[in-house]
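Nothing in this text is a laboratory measurement; each read-out follows from the coordinates by a stated rule. Please read these numbers as outputs of a predicted model, since none were measured by experiment. As a convention, Cβ positions derive from the backbone with ideal geometry for all residues, glycine included, and neighbour counts pool all protein chains shown.
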Amino acid sequence: MSKYIPFIIYNNIMHFLEFRKLKLKTHIVKNKQVDGILTESKFIEIIFTDDYVMLECEDTEPRKFPPFTHESAKKLKTITYFIIVEPNSQISNVSNSFDRMLKNIPHLTSSKRTTNLDIIVVTKEPFKTNIEKKIEPMRTNGDESGAGFLHIHNYRFRTFAMIIPEHKLVPPHRVLSKEEAAQVLKETNTKKRDMPKIHHDDAMALWSNAQIGDVIEILMPSEATGDEVVYRVCI
């Protein structure tokens, strides 16, 4: 079993794709495509040469969009890029290094981009303030011109350090359908704003593909009653 943490992250992201209804399409290496699952030696070769490994992924079923997505963007194809950054890289804190990485993301700089881009940058440490300030004006939710949305997220290594939903200490989480959520609210005589919260960047919210406004059912173990059902609203 590999002891190189980024390769462990890579393997766990393969499981994450299944939970998020995504599939690996290819890897982008110096503007070329490298297909198939990478061996550890190939992964290490790429990450030490480029400072990161980039995965291009596509949806396997209709996507759940965040509530603030423009209606025109919901009609477009979405491409998801996972970028696993080498732990000693300066990408998360030096603007020039970050910019060089961005330039290698297909479609990103196109003046007439007609696809949605969901970019997930996985780093050991969070982005520094200068990188966050650079990203903020780039983010869009689509618009009436027909341009797709551009979302850029920064997730930590710890989010993918294990297959979180399969860990014995993590209770099962399930995103309720709109109809199920409405029924729960009716039966409990409550409103979403009054429910306990789970943040959309919480690890289990990410693995469950929860969007802001979703209601999540959690089966909490109880010595007295067996599994106890609790609900959280994603914020």
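For this structure, a couple of remarks:
- DSSP bridge pairs, segment 77-154: antiparallel proportion in percent, nearest 5: 10
- Its Cα centre serving as origin, segment 139-205 has a Cβ charge dipole (Lys and Arg +1, Asp and Glu -1) of approximately 260 debye.
- Computing FRET efficiency as 1/(1 + (r/R0)^6) for Asn88 and Asn130, where r is the C-beta to C-beta distance and R0 is 25 Å, gives about 0.85.
- Equivalent ellipsoid of the chain: semi-axes from √(5λ) of the C-alpha gyration tensor, largest first, are 32, 23, 16 Å.
- Lys77 paired with Thr190, simple spin-label distance in nm, labels 7 Å along Cα-to-beta-carbon: 4.2
- Calculated FRET value between Ser222 and Arg158, using beta carbons and R₀ = 25 Å, to 0.05: 0.35
- Computed [θ] at 222 nm, helices only, for the chain once each DSSP H run of length n ≥ 4 contributes -39500 (n - 2.57): -7000 deg cm²/dmol
- Additional length obtainable on full extension of the chain from Ser145 to Arg174, 0.36 nm per residue less Cα span: 6.9 nm
- Helix axis angle, 178-188 relative to the chain longest principal axis, alpha carbon, degrees: 40
- Evaluated over segment 166-234, the count of Lys pairs having alpha-carbon atoms less than 21 Å apart is 5 (only pairs 8 or more residues apart or interchain).
- Cα centroid of segment 120-177 to Cα centroid of segment 186-235, whole Å: 19
- In summary, the lysines within cross-link reach of Lys75, defined as a Cα separation below 19 angstrom excluding same-chain residues under 8 places away, comprise Lys21, Lys64, Lys112.
- Here is the tail figure for segment 166-234: Cα pairs spaced more than 14 Å apart come to 58 percent of all pairs.
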